[in-house]
1. Mind listing whichever residues of the stretch 314-330 are surrounded by fewer than 10 Cβ atoms within 10 Å (Cβ to Cβ) and either under 60 Å from the mean Cα position of the chain (by Cα) or part of a helix (DSSP H, G or I) (or both)?
2. Name every residue in the stretch 433-461 that is free of Cβ contacts under 8 Å to residues at least 24 places away in the same chain and open to solvent by 20 Å² or more (accessible area, probe 1.4 Å), in order of residue number.
3. Among the residues of the stretch 402-420, how many are hydroxyl-bearing (Ser, Thr, Tyr) and surrounded by 18 or more Cβ atoms within 10 Å (Cβ to Cβ)?
4. Can you tell me which of LEU438, LEU349 is among the hydrophobic types (A, V, I, L, M, F, W, C) and either assigned to a loop (DSSP other than H, G, I, E, B) or at pLDDT 90 or above (or both)?
5. Please work out which one of (1) modelled with pLDDT under 80; (2) within 27 Å of ASN136 (Cα to Cα) is the condition LEU64 fails and give its number.
6. Out of everything in the stretch 412-431 that is farther than 15 Å from CYS476 by Cβ and in contact (Cβ under 8 Å) with a residue 40 or more places away in the chain, what residue ends up being farthest from the chain's Cα centre (by Cα)?
7. If a residue has to be closer than 13 Å to GLY37 by Cα and either small (Gly, Ala, Ser) or open to solvent by less than 20 Å² (accessible area, probe 1.4 Å) (or both) to count, how many in the stretch 66-86 make the cut?
8. ILE371 versus (1) modelled with pLDDT of 80 or more; (2) surrounded by fewer than 16 Cβ atoms within 10 Å (Cβ to Cβ): which is the lone unmet condition?
Amino acid sequence: MDSRGQAAKTSAMLTPTPLLPRQEGWAALPRLPQVLGAVLFLTVAALGTHLTQDSFPEPSGLFLFFVAVLLAAVRFGFWIGIATAIAAFALFNFLFVAPLYTLAIAKPGDLLVLAEFLCVAGLTGFLAGRLREEANAAKSRAAVLEVLSAFATDLAEADEPVAVEQALVIHATALAHGPALVLHDGNPDATDLQAADLQAAERAFRRHIPQDAAEPGQQGGRYTFLPLMQQGQVVLVLGYHRLDAQRPDRFARAAAIEVICNQANLALERLRFAQAAEDARTAATREQLRAALLTSLSHDLRTPLATILGAITSLRQLGATLPPAARDDLALAIEEEAQRLASYVDNLLHMTRLQAGLALHLIWVDPTDVIAAAVARAHRAFPLAEITADLPDLPMIRAESALLEQSLFNLIDNAVKFSTPPARIAITARVQPTTLTLTVTDQGPGIPPEALAQIFTPFFRANPNVPGTGLGLTICHGIAAALGGSLTAESPVADGHGTAMHISLPLPKASA
């Protein structure tokens, strides 16, 4: 289906209108069950009059017929009340007024009594029927308002277009008392639609105007189609089954369906704006990160590069005159700064990978082997640090071992940097029914409370005097999230000092 063309924009304000015009109740014609019910009331009244006419005066029979008229009007409405009043007048005259079994009236006094009865019964039927119609109208309005309220609640909770469409179909079905569906542009997949229905939906898309269902007995589709437009483009078409022409609230329900279409259109527009705003925020965050990365490259990489360049220049120009100890110091400085530079580059590469979205290759991994590899790597990088791993038997998990090892190493690296020499780092593990938690604990001074909430922010450093890029914990947090887990910080741990980093990873059902 084609949604090209211009159309009026959906109004942002919905003017409240009466949901049920008063004349609709009057237009409903009596149905056979209602007629049979009125006949039953009259029959009971006639039988009661016949059984009591010898014991009670003649006006008592009129009272029974009057009650029958009142009950019929209250139960079945205005038209049945009027008809019952006329039928009661004729029936009482035929059965109980001389001469019997004719409609003739012998006494003028009887004529006056029957005329008064007809007037009172007719007025009673009219008033009772009107009350009945007003009560039905109130119930109909309440039902429609309840649907509109529920629909508004669903729209407030909808956070994606599919939820809006589902709510629209559910509540349109309730209002139409029949099936409803939503058709997308170019996707008229609905197995119960006939050719005439599809043609009507096509016209709604192309012409941008509603298409009414054909009345019973006429040629045409069974569904009414309402286009939903955004910025002059038809994005959806709501189709609902033709409304029952005999229902007095038919027009009220049609008006309510149009209202929920307008509300759905506004909700879709809101979601579109929200998505656009989110995309803009993401782009702004990406630009900020790019600027921060450039700043980090220009600042944090300058020192190791300058050190390496100075050491190499000294060795090249003065190498022959330098004592062996000085040459060893320069070579060690080159090695240390090269390792520092490699660590910076690794962090930047991991950060770039996290920002671009990780393509994980999850396999069964033994956490004990991953922890052992991270500890061995940390021992080589920090030979003076005391790093211990006290681990129980750990179940297998689904993860990417290289990423998990990098995350643990970053946590150990961060713990060593912020600990007083000699650094003492402990790695523990706790197995729960659905998660495996790995904890890296140090005995450093801890993290200030005002900084604890920001430590996973890119380029944030709790202590600016400690060298680093401020990316290590951010990378650990991103890796944990990519593996389906989480990273949390706890500080202080005991006696007002120490920090614990907890990596929680999900346990597959097989491991659990």
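1. Scanning the stretch 314-330 gives ARG316, PRO324, ALA325.
2. Correct list: PRO448, PRO449, GLU450, ALA453, GLN454, THR457, PHE460, ARG461.
3. Of the residues in the stretch 402-420, 2 are hydroxyl-bearing (Ser, Thr, Tyr) and surrounded by 18 or more Cβ atoms within 10 Å (Cβ to Cβ).
4. Sole residue among the options that is among the hydrophobic types (A, V, I, L, M, F, W, C) and either assigned to a loop (DSSP other than H, G, I, E, B) or at pLDDT 90 or above (or both): LEU438.
5. (1)
6. Among residues in the stretch 412-431 that are farther than 15 Å from CYS476 by Cβ and in contact (Cβ under 8 Å) with a residue 40 or more places away in the chain, the one farthest from the chain's Cα centre (by Cα) is ALA423.
7. Count: 9.
8. Result: ILE371 passes all but (2).
The values are calculated or read from the model by the stated rules, or taken from the named source; none is laboratory data. Quick caveat: nothing in here was measured; it's all calculated off a predicted structure. Please note: Cβ atoms are built from the backbone with ideal geometry, for glycine as well, and neighbour counts cover all protein chains shown. These accessible areas exclude ligands, DNA and RNA; they are computed on the full protein's heavy atoms, side chains included. Shrake-Rupley method; radii C 1.70, N 1.55, O 1.52, S 1.80 Å.
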